[in-house]
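Here, each number is a calculation from the coordinates, and none is a lab measurement. No experiment lies behind these values; they were computed from the predicted model shown. Glycine gets a Cβ as well: all are built from the backbone with ideal geometry, and neighbour counts include every protein chain shown.
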Amino acid sequence: MITQEREPMKIGQLHTAFLGQGFKLIDVKKDSDNEEIVLENIELSDTTTDDSKVKMTIYCTQFLINL
């Protein structure tokens, strides 16, 4: 769990890390048991092929970890 004093800095680092991977950090939600992040794929567009969407979905599974 992130301490209160360091939380804004850690969220900023997380935001930067996700931007480097093509995702925008939209929201961070947490309670005593869980933390949840909401991401937006900034590389997704109307011209993205179905094959690319599948590859992006598989790529996103790396974010499914215990924080």
**Asked** Ranking Thr57, Thr48 by Cβ neighbours within 10 Å, fewest first, what do you get?
**Response** Thr57, Thr48
**Item:** Dipole-positive endmost among Val38, Thr49, Leu14 within the chain (Cβ charges, Cα centre)
**Value:** Leu14
**Request:** Report the charge-dipole magnitude of the chain in Debye, nearest 20, computed about the Cα centre from +1 at each Lys and Arg Cβ and -1 at each Asp and Glu Cβ.
**Result:** 200
**Fill in**
Under the 7 Å Cα-to-Cβ spin-label approximation, Thr57 and Leu44 lie apart by a distance in nanometres of 1.0
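So which GluC sites (Glu not before Pro) in the range 1-55 end up in coil per DSSP with only 15 or fewer other C-beta atoms within 10 Å? Kindly include the intermediate steps, with their values, before the conclusion.
Details: sites: Glu5, Glu35, Glu36, Glu40, Glu43; in loops: Glu5, Glu43.
Those that pass, being in a loop and sparsely packed, are Glu5, Glu43.
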**Request:** Show that you can apply the helix-only estimate: for the chain, add -39,500 (n - 2.57) for every DSSP H stretch of four or more residues, divide by all residues, and state [θ] at 222 nm to the nearest 500.
**Result:** -11500 deg cm²/dmol
